[in-house]
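Heads up: the structure comes next, in structure tokens.
The values are calculated or read from the model by the stated rules, or taken from the named source; none is laboratory data. Keep in mind that this is a model prediction, so the values were computed, not measured. Cβ coordinates were reconstructed from backbone atoms using ideal geometry, including for glycine residues, and neighbour counts include every protein chain displayed. Heads up: the accessible areas ignore ligands, DNA and RNA and are worked out on the full protein's heavy atoms, side chains in. Shrake-Rupley method; radii C 1.70, N 1.55, O 1.52, S 1.80 Å.
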Amino acid sequence: LQMAAPVVLVGLSGLGKTQLALHYAHLYPQDYPGGVFWINAADSSQLKDDFATLGRSFFDIPEYLSTEICVARLRDRLHRLPHPALLVFDNVTEETDLSLLPDSPQCRLLLTTQKKHLAPPGFERVELPKLEPDAALAMLGVSPHLNRDDLAAAQKIADDVGRLPVALDILAQHRARLQLGFAEYRRRFLAPLTANHPSEDALLRTLDRACENFVAATR
């Protein structure tokens, strides 16, 4: 991005692609005097709506114009930007019309997607790996004074959820709230789920349900 090359972050749901993009945007705002703009790119309809909102809010495009006209005018304005701007297109899917991406020398493009094949030609592809074991244990809140059984259980918990940051964060908060040791926590909550080695998709669905339950319980 610093060399004006477009970048796409690729990785499973929960690996932290969006968080990494946010972190980059917060670290280097001075490099983008033309602005830093966030677009939901989950499908073409959402992308156009965000483009229209962006145009009306920051580029003085009249409210009464249709979404399609707003998109066209915004693309024209972006093409004529006097200073570099960062545009983050979050969560690109098969439903996203990538022809809508602006083609401007001043637009630095950062995409996130779960699918490798959706990386556009010419983009630098950065694949996010799973967390290293030590980083996963740190996210779980493992202390250096943990007993051997709890440490072994914490390592198994990290592996149970594929060392996905979002899953580790949910489990760390849940375990702390219940004030359970790692061995007891895994025995009660994770061992039954992982006994049959569920697929990644099934595990992510389970984590989605766990997240919903956690938010509902803790508000």
Original post:
Does region 88-166 come out rounded, prolate or oblate by the C-alpha gyration tensor, with a ≥ b ≥ c the root eigenvalues, rounded set by a/c under 1.5 and, if not, prolate when a/b is larger than b/c and oblate if not?
Top reply: prolate
**OP:** Could you tell me whether the chain comes out rounded, prolate or oblate from its Cα gyration tensor? Rule is a ≥ b ≥ c as square roots of the eigenvalues, rounded for a/c under 1.5, then prolate if a/b exceeds b/c, otherwise oblate.
**Re:** prolate
**OP:** With an 8 Å cut-off on Cα pairs and a minimum separation of 6 or more residues, tell me the relative contact order of region 51-105 in percent.
**Re:** 33 percent
Original post:
What is the distance in Å between the Cα centres of region 46-66 and region 83-155?
Top reply: 28 Å
Original post:
Based on the alpha-carbon gyration tensor of region 1-44 and its eigenvalue square roots a ≥ b ≥ c, which shape applies: rounded if a/c is under 1.5, prolate if not and a/b is larger than b/c, or oblate?
Top reply: prolate
**OP:** Express the accessible area of the chain per residue in Å², computed with a 1.4 Å probe while the remaining protein chains stay in the model.
**Re:** 57 Å²
Original post:
When only Cα pairs under 8 Å and 6 or more residues apart are kept, what is the percent relative contact order across the chain?
Top reply: 24 percent
Subject >> Most fluctuating residue given options GLY16, GLY122, GLY35, as computed from a GNM of the chain linking Cα atoms under 10 Å >> reply: GLY122
Subject >> Length-normalised contact order for region 1-115 - Cα pairs under 8 Å, 6+ apart - percent >> reply: 39 percent
**OP:** Please list the radius of gyration and Dmax for region 98-219, considering alpha-carbon atoms only, with Å as the unit.
**Re:** 18.4, 57
**OP:** For MET139, MET3, give the ranking by accessible area with the largest first, probe 1.4 Å.
**Re:** MET3, MET139
Subject >> Computed [θ] at 222 nm, deg cm²/dmol, the chain (DSSP H ≥ 4; -39,500 (n - 2.57); rounded to nearest 500) >> reply: -14000 deg cm²/dmol
Subject >> Longest segment of the chain lacking GluC sites (Glu not before Pro) that sit in a DSSP loop with at most 14 other Cβ atoms within 10 Å >> reply: 96-219
Original post:
For the residue pair LEU128 and ALA202, what label-to-label distance in nm results when each label sits 7 Å from Cα along the Cα-to-beta-carbon direction?
Top reply: 2.5 nm
Original post:
Hey, what do the phi angles of region 120-129 turn into as Karplus ³J(HN,Hα) couplings, whole Hz, using 6.51/-1.76/1.60 and θ = phi - 60°, x for Gly and Pro?
Top reply: x, x, x, 8, 6, 9, 10, 8, 7, x
Subject >> Dipole of the chain, positive end: most advanced residue of GLY181, LEU86, GLY122 [Cβ charges, Cα centre] >> reply: GLY181
**OP:** Please report, as a whole percent, how much of the solvent-accessible surface of the chain comes from carbon and sulfur atoms (probe radius 1.4 Å).
**Re:** 52 percent
